[in-house]
Amino acid sequence: MPPADDEWLDRDAGPVVRPYAVTGGRTRPSGGTFDLVTMVTAVRGIQAAVDDLEPEHLTLLRLCRLPTSVAELAADLDLPLGVVRILLSDMRERRLIAVHQPVPTRLNDALLLKEVADGLRRL
Amino acid sequence: MDFAGSDQDSRAKAVPVAIKILVAGGFGAGKTTLVSSLTEIRPLRTEEDLTAPSALIDLTAGVEDKTTTTVAMDFGRITIRDDLVVYLFGTPGQKRFWFMWDELAIGALGAVVLADTRRLADCFPAIDYFERRGTPFIVAVNCFDGATRFPAEIIRSALNLNAGVPVMVCDARRRASCRDALVTLVEHAIRLLAVSPDAVSSAR
């Protein structure tokens, strides 16, 4: 990034503008959105075509080597959720990540809920 | 994180089922305390578009170019098994953050609404919201030092709650008490499922 950009993005630019510089000013992810508990996993063995990715993309890829929720990625990266969703949509487009949407009907599965209750009781 | 297996094949199978539970209530009702009693807490920053259709209030009057707001919420993870994880989200209580609640409530197992007897009305918006949405919820009365203790039934009638909604007293500083609140919520969700599976699934 040229120095001029750094000067422009000074403190007066506020907390909103700076994170979205990472996304090139985009404020909406492409494609479907990502729920907070959507699980994301980096696809293994991708070497090519990462040259034009931002450092934040690469950090995300590293953070989701194992299935990781969108909320955890945003917290770990210390970037707002909206920004992380856009970065993830970039990587989904390039097939760098596998996206596992939560299945709402699992909440109608009484057996699963019982397992949750039992697991919580052991805390 | 401790997912079993590091080779590619087992990794592919190890995508855990994620359960979302919300912790709601007024400002200072103990949401952060409850989440941190159960798990390591991590702040999660969201920036939301105030021009979204669900934004009801006019925060941006006179500031036409600023259309987003930053909201921090508490977030924690409880690993039940390698393949079953509970995520807790402490939701900002004020009505003006309802646009965020919509996203949080989709696919949520349910909510623990924390009540402070000194400011009981602060939890009304959360109760209204979850009632209207059909999201299973319980009310946990956080016992603050110096606050008058009321029996659960008094609280229930003060909040005008349906008979089926569990009301319990809890101490958000105590892990066991917070755990009991979550267990009560999950058991309540199971009961609702048994009574009316269709109603529950359509609410989600």
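The values are calculated or read from the model by the stated rules, or taken from the named source; none is laboratory data. Small disclaimer: the values here were computed from a predicted structure and weren't measured. All Cβ positions, glycine included, derive from the backbone under ideal geometry; neighbour counts span all protein chains shown.
Within segment A:47-105, which residues are at the interface with another protein chain (Cβ under 10 Å from one of its Cβ atoms), part of a helix (DSSP H, G or I) and touching a Gly at 6+ places or on another chain (Cβ under 8 Å)?
Matches in segment A:47-105: A:P104 only.
Of everything in segment B:86-123 that's more than 8 Å from chain A (Cβ to nearest Cβ) and touching a Pro at 6+ places or on another chain (Cβ under 6 Å), which residue is surrounded by the fewest Cβ atoms within 10 Å (Cβ to Cβ)?
Step by step, filter segment B:86-123, then rank; the result is B:K95.
Output the number of residues of segment B:132-160 satisfying the condition of being modelled with pLDDT of 95 or more and surrounded by fewer than 19 Cβ atoms within 10 Å (Cβ to Cβ).
Of the residues in segment B:132-160, 0 are modelled with pLDDT of 95 or more and surrounded by fewer than 19 Cβ atoms within 10 Å (Cβ to Cβ).
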